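Asker: Below you will find the structure I want to go over with you.
Please treat every number below as a calculation from the coordinates, not as lab data. If you're wondering where the values come from, they're calculated on a predicted model, not measured in any experiment. Positions of Cβ are generated from backbone atoms using ideal geometry, with glycine treated the same way; all protein chains shown enter the neighbour counts.
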Amino acid sequence: MRRETIAVHAGHHRTHHGETSEALFLTSGFVYETAEQAMARFEGEDAGFVYSRYGNPTVAAFEERLALLEGGERAFATSSGMAAMFAAMIAPLKAGDHLLASRALFGSCHHIITQLLPRYGIATSLVDGKDEDEWRAGIRPNTKMLFCESPSNPCLELVDLKFLSHLAHQSNALLVVDNVFATPSLQAPIALGADVVAYSTTKHIDGQGRCLGGAIITTNQLFEDCYQKFLRNTGPSMSPFNAWVMLKGLETLDLRVHRTCDHAEKLAQFLADHQAVTRMMYPHHPSHPQWDLARQQMSRGGTLVAFELADQQTAFSFLNKLKLISISNNLGDAKSLITHPASTTHAKLPLEEMQQLGIGPGTLRLSVGLEHADDLMDDLDQALSP
Ligand SMILES: Cc1ncc(COP(=O)(O)O)c(C=O)c1O
């Protein structure tokens, strides 16, 4: 099946009622015809569900559809994006291992890598994700995992995923990619060599700001060797209701992401040309320092645009003048949302790290929505005018 068909049909196993839309199995448990059947289910000899922490028909439909869309073999849906990121990182690692990551990370991933993992004996270090030499130099004999986010939150820096997957495999390490900003519609890390892809499905996959969720996608082998027991026993599972919302979200994901990219491209150009904007960052804009890589690795530039105003006071007064675009740290919504990372999502980072990431007092991150692009442009224009 082609992508559009997978997005609408994969994972849909109709019940005897013949429903058109996927059924929502809002159940925590399952019953068995006989004690022998219960025993066989637990031994894995009888196919079927045993408990929704392990698996649920609605959640399984979402997982099957997402795995196919992503080009992976197996997906597991989690209760939030961070549950997926944490599981993706910790499940394959043990005390004594080393994880190497790009510095430009979402705040909670940064916290896990720099604060939590070292408490459990997993060494970690950060490199400039744009610099191949730093990645190479960062590899240690015990490096078991490379982790990155591309494009990164909030300044939309890229990591060359093909290069990184070669480096990971030469070093006998796994490559785990947080693909939230790129979305499954614009970038396929597994095709570029990644072993594991992790999502916050709270963002574009829901796409309408309703439910939290996450997912990891990998091969059957890695799932069975590294993840299955960890996920079943620690219990970060997605609720069937949220999975139903996400499943329906996948049906329109490509349409929504591509329409939003149309708007983001126009707004990126508008901001690049505006005299009040000192810097604009958008992966498919020629001014982006990694424009060539962006065009190779991502089919379009994405739904987020970052830009700089003179200072924090100018940024705050601009935010407070916006009428249509809302101030919010969420992203990937049908509604356009904007945030000031230095005082919100990245406020806990030490100043030096913030500077290394290019987050200044005037940096803003715009998550473009599905409103008319001209209405968005008018709103930006009136708020940017003195
Ligand atoms: C790049 C990135 N990774 C991970 C997450 C975590 O996702 P969630 O908020 O669903 O836990 C976010 C969300 O805020 C994100 O932007």
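Asker: How tilted is helix 81-90 with respect to the longest principal axis of the chain? Cα atoms for both, answer in degrees (0 to 90, nearest 10).
Answerer: Approximately 70 degrees, to the nearest ten.
Asker: Classify segment 3-249 from the C-alpha gyration tensor, please: rounded if a/c falls under 1.5, else prolate or oblate depending on whether a/b exceeds b/c.
Answerer: Numbers: a/c = 2.18, a/b = 1.60, b/c = 1.36.
It is prolate, given that a/c is not under 1.5 and a/b is the larger ratio.
Asker: Something else now. What does the highest-first list of 198-205, 170-177, 154-161, 80-87 look like by mean Cβ count within 10 Å?
Answerer: On the way: 198-205: 27.6, 170-177: 20.5, 154-161: 25.0, 80-87: 23.5.
Ranking the peptides 198-205, 170-177, 154-161, 80-87 by packing returns 198-205, 154-161, 80-87, 170-177.
Asker: Charges at C-beta only: +1 for Lys and Arg, -1 for Asp and Glu. How large is the resulting dipole of the chain about its Cα centre, in Debye rounded to 20?
Answerer: On the way: 31 positive and 43 negative charges, 96 e Å.
Computed about the Cα centre, the dipole is about 460 debye.
Asker: Just want the answer: with Cβ charges of +1 for Lys and Arg and -1 for Asp and Glu, which residue in G332, L384, P283 is farthest toward the dipole's positive end in segment 253-384?
Answerer: Result: G332.
Asker: Also, quick follow-up: Normalised by the empirical 2.2 N^0.38 Å for globular proteins, what value does the Cα Rg of segment 253-384 take?
Answerer: Values: Rg = 14.1 Å, N = 132, 2.2 N^0.38 = 14.1 Å.
Relative to the rule-of-thumb radius for its length, segment 253-384 sits at 1.00.
Asker: In terms of modelled amide H atoms, which long-range or inter-chain residues lie less than 5 Å from the amide H of H284?
Answerer: Placed amide hydrogens put G301 under 5 Å from H284.
Asker: Using alpha carbon centroids, what distance separates segment 246-286 and segment 94-125, in Å?
Answerer: Centre-to-centre distance over Cα atoms comes out at 31 Å.
Asker: Let me see the P(r) profile for segment 39-88: every Cα-Cα distance counted, bins of 5 Å, each bin given as a percent of all pairs.
Answerer: Result, from short to long distances: 5, 18, 20, 26, 18, 10, 3 percent.
Asker: Now for a different question. Over segment 3-249, what is the relative contact order in whole percent, taking alpha-carbon pairs under 8 Å and six or more residues apart?
Answerer: Values: 462 pairs, mean separation 61.9, N = 247.
The value is 25 percent.
Asker: Oh, and also: Nearest 5 is fine: what % of DSSP beta bridges in segment 3-249 come out antiparallel, could you say? Don't skip to the answer; put the middle values down first.
Answerer: On the way: 11 of 28 bridges.
Bridges in segment 3-249 that DSSP calls antiparallel: roughly 40 percent.
Asker: Sorting check: for 274-287, 41-54, 370-383, 136-149, which peptide has the highest mean count of neighbouring beta carbons within 10 Å, and how do the rest follow? Working shown, then result.
Answerer: Details: 274-287: 17.6, 41-54: 13.2, 370-383: 16.1, 136-149: 19.2.
My ranking of the peptides, most packed first, is 136-149, 274-287, 370-383, 41-54.
Asker: Output ³J(HN,Hα) for segment 132-143: one whole-Hz value per residue in order, computed from phi by the Karplus curve 6.51 cos²θ - 1.76 cosθ + 1.60 with θ = phi - 60°, and x for Gly and Pro.
Answerer: 4, 5, 5, 4, 4, 5, x, 5, 10, x, 9, 6
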